[in-house]
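The values are calculated or read from the model by the stated rules, or taken from the named source; none is laboratory data. As the structure is a computational prediction, the values presented were derived from the model and not from experiment. For neighbour counting, all protein chains shown are included, and Cβ atoms are generated from backbone atoms with ideal geometry for every residue, glycine included.
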Amino acid sequence: MKRAGRRTSRTGRAVEGGDAVKSRRRFLKLVALTSAAALVPATPRRTRAATAPKKSAPAAAARPAALENEIKKQKNATAQALKAIREFELPPGSEMAFVFSAQRAPRRGKPGSSKGGKP
């Protein structure tokens with residue numbers, strides 16, 4: 001049985017006809033739609049003409065020479081660093097750099113209780 005009169009929202013304000021609920025739902029729907037739209041790639045649909053193989057120069061040829069040289073330098077530096085790491089020998093019985101151990105999350109208690117929960 002419904003009561004006649006004004007309803008109140010969680011904040012205590014009077015609500016006529018559930019406008020706050022409608023706007024809250026509309027807001028959540030908008031947030032959900034925009035986050036879903038952000039996950040979808042913004043590329044247009046491809047047609048048969050667009051998916052046909054293109055006859056163009058390779059992408060590497062379109063790069064400037066300075067960029068190609070910098071990429072080569074970075075690849076060489078990475079290869080040297082990996083070589084040094086792989087060739088380094090640890091003495092037998094040495095300690096590990098780190099140990100991963102999963103920890104249980106603290107239980108969230110009721111508000112006002114002494115166990116867990118937010119301070």
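Taking the numbered list (1) at pLDDT below 95; (2) outside any loop (DSSP other than H, G, I, E, B); (3) not β-branched (Val, Ile, Thr) in turn, ARG108 passes all entries but (2).
Here is a yes/no grid of residues against (1) among the aliphatic types (A, V, I, L, M); (2) touching a strand residue (DSSP E or B) at 6+ places or on another chain (Cβ under 9 Å); (3) assigned to a helix (DSSP H, G or I); (4) at pLDDT 65 or above:
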| residue | (1), (2), (3), (4) |
| --- | --- |
| THR11 | no, no, no, no |
| VAL31 | yes, no, yes, yes |
| ALA50 | yes, no, yes, no |
| ALA57 | yes, no, no, no |
| ALA60 | yes, no, yes, no |
| LYS73 | no, no, yes, yes |
| ALA81 | yes, no, yes, yes |
